[in-house]
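Throughout, read-outs are computed from the coordinates displayed, never taken from laboratory work. Every value quoted in this text rests on a predicted model; they were computed, and no experiment measured them. Note: ideal-geometry Cβ built from the backbone for every residue, glycine included; neighbour counts use all protein chains shown.
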Amino acid sequence: MARALIPLAKEAGLPSCWAQEEGAQEEGALDDGALDDGAQENGAEASPGIGMEREDRLALIVAVARAVIAHEGELTRLDQAIGDGDHGVNMRRGFEAVLHEADALAELGTAAALEAIGYLLVNRIGGAAGPLYGTLALSMGRHGGNAQTLDDWILAFGQAIEDVKRRGKSEGGQKTLLDVFVPVHAVLVEKGAGAVAQLARIAEDAAEATRPMRALRGRAAFLGDRSVGHVDPGARSASLILGVIGRVLCGEN
Ligand code: ADP
Ligand code: MG
């Protein structure tokens, strides 16, 4: 199955994910013509609708969970460098629970599935990351209850990031997973559908950009200047998850 989850992108005159990957039309992705076509497509709304069905949700949930589990070793090594070495195990535990429940989760609507995933992650990941990833998913589900278009989901993502900030008493620039979520959200707000095909690269660049930062939150903050020179483990797991979401939304699973 390789069906793009933004089928309206094409119908609305927006470039396909593949065209974006090849660098075509990047600048004019959301030109007036495209927006007009989009408005015709679904009334007043210019943002592409995301036609999530059960099989789409299942593909997304399974792909994200498998990727996190497959990267346990990398996340462990990153957390060994500036933390206590448990981020890989924590994330694997959480996403194994998600994978185990994947069929039942996919039966729910997208927002309800996100809420349920949030509860699973809070309960199963543990550490600092559990409540933070749990809050993100739970909050996106709550804020995305009526979401239908990509813009609606981008809005819900932004609201969920604010909840994560409150939960972690943190903000961007402190060498945490927020240093991936915040800039990726900003690019999505700016470019909309045009950013989806680039999500993996944008997120990976954002994670890499935590390397020269000095940690101000979490265990790594205890290291002070010695946290400089290492990618933040939570930023890496965040980039991994967003990258997979971008690829699956483009039908590249
Ligand atoms: P722990 O730090 O309890 O061992 P993990 O190793 O699973 O938990 O997760 C560590 C990651 O959590 C860090 O790399 C960082 O990205 C993130 N993190 C920790 N504390 C905070 C915070 N207050 N705000 C945002 N992110 C945080
Ligand atoms: Mg840790």
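General remarks:
- 15 Å beta-carbon shell around E162, net charge (K/R +1, D/E -1): +3
- Which of T110, T210 has the fewest Cβ neighbours within 10 Å, and the rest in rising order: T110, T210
- Likely footprinting exposure, E53, E171, fewest C-beta neighbours within 10 Å first: E53, E171
- Positive contributions from Lys and Arg (+1) and negative ones from Asp and Glu (-1), summed over other residues with Cβ under 12 Å from the Cβ of M213, come out at 0.
- Ranked L177, L58, criterion: other C-beta atoms within 10 Å, fewest first: L58, L177
- Here the contact order of region 53-249, divided by its residue count and restricted to Cα pairs under 8 Å and six or more residues apart, works out to 22 percent.
- Alpha carbon convex hull of region 164-253, projected area averaged over orientations, nm²: 5.7 nm²
- For region 53-249, convex hull of alpha carbons as volume per residue, Å³: 93 Å³
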